Amino acid sequence: MTILLTDLWGIAIVSGSILGLFGLGEFLRRTKDFEVESTRKLSHIGAGFVIMTFPWLFQSPLTVAFLSSNFF
């Protein structure tokens, strides 16, 4: 499995965005007393917006498979 060098920036952007969403959700739940359901929805909607950028970020479908398997 080869991941194109041009896709490495996309991997970094997507990974940082998803981890940032998870972190934001946990921060809001713990410090601002948000309900778990609200932070879960925030994470899912945010991840959907990140995923919509895949056609512009990645040239190889193998990169998407790599990301999916790592976040699974």
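The values are calculated or read from the model by the stated rules, or taken from the named source; none is laboratory data. The model shown is predicted, which means the values in this text are computed figures rather than measured ones. For neighbour counting, all protein chains shown are included, and Cβ atoms are generated from backbone atoms with ideal geometry for every residue, glycine included. Note: accessible area is taken over every heavy atom of the protein model, side chains too, but ligands, DNA and RNA are not part of it. Shrake-Rupley method; radii C 1.70, N 1.55, O 1.52, S 1.80 Å.
With all protein chains kept in place, the per residue accessible area of the chain amounts to 74 square angstrom at a probe of 1.4 angstrom.
The angle between the Cα long axis of helix 61-71 and the main principal axis of the chain comes to about 30°, on a 0 to 90 degree scale. For the chain, averaging the sequence separation of C-alpha pairs within contact (under 8 Å, six or more residues apart) and dividing by the residue count gives a relative contact order of 49 percent.
Taking R0 as 25 Å, what's the FRET efficiency between SER43 and TRP9 from their Cβ-Cβ distance, rounded to 0.05?
Details: r = 23 Å, r/R0 = 0.93.
About 0.60, to the nearest 0.05.
Helix 36-51 and the long axis of the chain differ in direction by around 20°, with both axes built from C-alpha atoms.
I'd like the orientation of helix 7-31 relative to the chain: the angle between its Cα long axis and the longest Cα principal axis, in ° from 0 to 90, rounded to 10. Orientation of helix 7-31: about 10 degrees from the principal axis. Among 48-60, 6-18, the peptide with the highest mean count of other Cβ atoms within 10 Å heads the list, and the full ranking is 6-18, 48-60. Each Lys and Arg Cβ is given +1 and each Asp and Glu Cβ -1; about its Cα centre, the chain then shows a dipole of about 100 debye. Taking each DSSP H run with n ≥ 4 as -39500 (n - 2.57) and averaging over every residue of the chain yields -25000 deg cm²/dmol at 222 nm.
So, with a 1.4 angstrom probe, what is the percent of accessible area on the chain that is carbon and sulfur?
Working: 3700 of 5330 Å².
Ligands and nucleic acids excluded, carbon and sulfur give 69 percent.
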